[in-house]
Each structure stands twice: as C-alpha cells, then as structure tokens.
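Below is one structure; the comments refer to it alone.
The values are calculated or read from the model by the stated rules, or taken from the named source; none is laboratory data. Not measured: the values here are computed from a predicted model. Because the Cβ atoms are built from the backbone with ideal geometry, glycine has one as well, and the counts that use them run over all protein chains shown. In case anyone asks, the SASA skips ligands and DNA or RNA and just uses the protein heavy atoms, side chains included. Shrake-Rupley method; radii C 1.70, N 1.55, O 1.52, S 1.80 Å.
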Amino acid sequence: MEIAEPPGWPRTPAEAEAVQDALRPRLDLRGPGPRRPATVAGLDVSYAGDGHDTGAPLAAAAVVLATATLEVVASSVATGTAAFPYVPGLFAFRELPALLDALRGLPAAPDVLVCDGYGLAHPRRFGLACHVGVLTGLPAFGVAKTAFVGEWEPPGERRGDSGPLLLDGAEVGRVLRTRDGVKPVFVSVGHRMDLDTACALTLALTPEYRLPETTRRADRLSRDALR
DNA sequence: GCGACAG
DNA sequence: ATCTTGTCGC
C-alpha cells in the first residue's frame, strides 16, 4: 500500500512532542468505526539484544487477516534499527519508521490496523495507534497488555466483561477481559474508530488467546525475521 | 521533589 | 522489548 513519507523524524523528546502536536489536528475521532471490515492488520516489532538501546536491530511486521475466518491473507516484514530512545509516551517514534515500511510492503491497504500499545489512552492523548492511523489514513486502534495511564477497576472475570479506562474523568479506553479469569487487555481508539467497535473487533480477534490473533501473528513474524 | 512509566 | 528454568494445566 502507498504511504506518504512523513516530513522528518524527530531526534529529541522535544522534537517528538512537536511532531505529535503537528499530527494531532489530523486525528479523526468523529463518527462510528468501519461498518464491516473485511480485513484487519496486526502490527508488532521485535528487537535483538537490549530493546532499550538506540540503534538496536529490529524487525517490524504487518499481518493481514480476513476478519471472518482469521486466516492470513497477506503479510510483510521490514528490518531496521531503533532510531529513537525508549521513552514512555514517545515510544511510537522507535517503531514507526519500520512499521510504515512493513505496511508499504503490503499488496493492498487493510480495512483496520491493530497496534500493540495505546491510542488515546496516553499521557498526551496521542499514542502509537494515533500516529499510525493519521499517517496511513486508515482506521486504527490499540490493544495493550499492561496499564499505562488512567484509573480503572478490574472488570468481571468472564470473557467480554469490561470497564472504563478514565483519564481526567473522560473514557479514553476500556479494560477488556478477552479470556475467562485471565488478565484483561487495554483497548483504546487511535483514528477513525469508536471504542465499541474497537472492543467488538478485539473480541472477534481473540477466539482462543488473550491477545488478538493479529498481534500474535505479527509478533511471531517479526521475531522470526530477526534470525 | 519523588516515583511510575505502552514496547 | 529481551534474557531464562522450572512448573502447572488443558
């Protein structure tokens, strides 16, 4: 798929925040999410050695699944190096260059992008899923494995149970149980999506495991590409 | 000021 | 994120 090259990549935290502020006006949080997405792409990045080092070798993967059958219909990998230090809140800049390269390798644009991390549930309300969504123009949301910001209460123990992730009184995400009695995941919208649709899609992508099949496939592909 | 902090 | 042994359970 085609993706316009961003103006430039930041090298310092201050520059990174400036980029976020420049992209923020392009965020589309209106209206419902995609009606009936035929395909969903999972994105993930794996590192060699210490994932904190700048310059660490990495591999980014994009795996497209048919929403109905969860079968892989396309995939792409891109290797590179971490061009930005790991800074909670700015970690999108570490993975973005390689992730966009991986997406460019796809034969066609998927209907939705699922990121391994956060969207609006972010200190500056602009996590990885927001960057990816704005830069590709595609609907995007994030599914994170651990808490980052906001207040929340553990949801019920059954798959499908959920509760709000609140930041300053606003629901910026949802804590969702994808498996009975298993630690919940944190879902938040990135671009051209609504929370209900994002949570419904997350459940559709987790018929067997806690994490979405999309991110599981992308994780395996990126990890394999590293060796 | 101190600690916590997606991957 | 990655580095690792053993262990519990379907």
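Roughly what would the spin-label model give for residue A:86 and residue A:15, points 7 Å off Cα along C-beta, in nm?
Result: 2.2 nm between the two label points.
Explain nothing, just compute: Karplus ³J(HN,Hα) = 6.51 cos²θ - 1.76 cosθ + 1.60, θ = phi - 60°, for every residue of region A:209-224 in order, whole Hz, x for Gly and Pro.
With coefficients 6.51, -1.76 and 1.60, one gets 10, 5, 8, x, 4, 4, 6, 5, 5, 5, 5, 5, 5, 5, 5, 5 Hz.
How much length, in nm to one decimal, is gained on full extension between residue A:2 and residue A:223, taken as 0.36 nm per residue of separation minus their Cα-Cα distance?
Numbers: separation 221, 0.36 × 221 = 79.56 nm, distance 2.48 nm.
Full-extension gain reported as 77.1 nm.
So what are the ³J(HN,Hα) numbers for region A:69-85, from phi and the Karplus equation (6.51, -1.76, 1.60; θ = phi - 60°), rounded to whole Hz, Gly and Pro as x?
10, 6, 8, 6, 10, 6, 7, 7, 10, 9, 9, x, 9, 5, 9, 8, x
Which sequence of A:11, A:36 reflects their accessible areas, 1.4 Å probe, from the largest down? Write down the numbers at each step before the final one.
Details: A:11 180, A:36 215 Å².
Per-residue accessible area, sorted high to low, gives A:36, A:11.
With springs only between Cα atoms under 10 Å, which of A:69, A:39, A:79 fluctuates most in a Gaussian network model of chain A?
Comparing A:69, A:39, A:79 in the GNM, the peak value goes to A:69.
Return the calculated 222 nm mean residue ellipticity for chain A, to the nearest 500 deg cm²/dmol, obtained by summing -39500 (n - 2.57) across DSSP H runs with n ≥ 4 and dividing by the residue count.
Rounded to the nearest 500, it is -7500 deg cm²/dmol.
Go through A:166-172, A:117-123 and give me the packing order, highest mean Cβ count within 10 Å leading. Kindly include the intermediate steps, with their values, before the conclusion.
Working: A:166-172: 14.1, A:117-123: 26.6.
Result, highest mean first: A:117-123, A:166-172.
Any idea which of A:209, A:96, A:176 is furthest toward the positive side of the dipole for chain A, if Lys and Arg beta-carbons carry +1 and Asp and Glu beta-carbons -1?
A:209
Which of rounded, prolate or oblate describes region A:1-137 when judged by the alpha-carbon gyration tensor and an a/c cut-off of 1.5?
Judged from the Cα gyration tensor, region A:1-137 comes out oblate (a/c at least 1.5, b/c at or above a/b).
Using a ≥ b ≥ c from the Cα gyration tensor of region A:134-204 (square roots of the eigenvalues), is it rounded, prolate or oblate, where a/c under 1.5 gives rounded and otherwise the larger of a/b and b/c decides, a/b for prolate?
Details: a/c = 2.14, a/b = 1.38, b/c = 1.55.
Judged from the Cα gyration tensor, region A:134-204 comes out oblate (a/c at least 1.5, b/c at or above a/b).
Excluding residue A:161 itself, calculate the net charge of residues whose Cβ lies under 12 Å from the Cβ of residue A:161, where each Lys or Arg counts +1 and each Asp or Glu counts -1.
+2
Rounded to the nearest percent, how much of the accessible area of region A:13-225 (1.4 Å probe, protein heavy atoms only) is carbon and sulfur?
Answer for region A:13-225: carbon and sulfur cover 51 percent of the accessible area.
Only Lys, Arg, Asp and Glu count, each charged at its Cβ (+1, +1, -1, -1), so figure out the dipole size of chain A about its Cα centre, rounded to 20 debye.
Here chain A has a charge dipole of around 280 debye.
Explain nothing, just the number: relative contact order of region A:13-225, from Cα pairs under 8 Å at least 6 residues apart, as a whole percent.
23 percent
For chain A, modelled as a GNM with alpha-carbon contacts under 10 angstrom, which of A:189, A:19, A:175 fluctuates the most?
Result for chain A, Cα springs under 10 Å: A:19 fluctuates most.
With θ set to phi - 60°, apply the Karplus curve 6.51 cos²θ - 1.76 cosθ + 1.60 along region A:146-160 and write out the HN-Hα couplings as whole Hz, x wherever there is a Gly or Pro.
3J(HN,Hα) across region A:146-160, in whole Hz: 9, 6, 10, 10, x, 10, 7, 10, x, x, x, 7, 8, 4, x.
Hey, what's the Kirkwood Rh for region A:13-225 if you take every pair of different alpha carbons, in angstrom? Write down the numbers at each step before the final one.
Numbers: mean 1/r = 0.0591 Å⁻¹.
After inverting the pairwise mean of 1/r, the radius is 16.9 Å.
For a Förster distance of 41 Å, can you work out the FRET efficiency between the beta-carbons of residue A:79 and residue A:35, rounded to the nearest 0.05?
Numbers: r = 36 Å, r/R0 = 0.87.
Once rounded, the FRET efficiency stands at 0.70.
Would you mind working out the accessible area per residue for chain A, using a 1.4 Å probe, and quoting it in Å²?
Each residue of chain A exposes 45 Å² on average to a 1.4 Å probe.
Mind checking which of A:94, A:124, A:192 has the largest fluctuation in a GNM of chain A, springs on alpha carbons under 10 Å?
Highest fluctuation of the listed residues: A:124.
Taking the Cβ of residue A:90 as the center, what net charge do the other residues with Cβ under 12 Å away carry, scoring Lys and Arg +1 and Asp and Glu -1?
On the way: positive: A:11, A:94, A:124; negative: A:15, A:17, A:95.
Neighbourhood net charge equals 0.
Quick one: which residues, 5 or more positions from residue A:67 or on another chain, have an amide H under 5 Å from its amide H? H modelled 1.01 Å from N in the peptide plane, none for Pro or chain starts.
Residues meeting the criterion, in which the H sits 1.01 Å from N, are A:39, A:40.
For chain A, give the share of DSSP beta bridges that are antiparallel, in percent and rounded to the nearest 5; count only bridges with both residues there.
Values: 33 of 39 bridges.
Restricted to chain A, the bridges split so that about 85 percent are antiparallel.
Between residue A:210 and residue A:28, with labels modelled 7 Å along Cα→Cβ, what's the label distance in nm to one decimal, could you check?
Output for this residue pair reads 3.4 nm.
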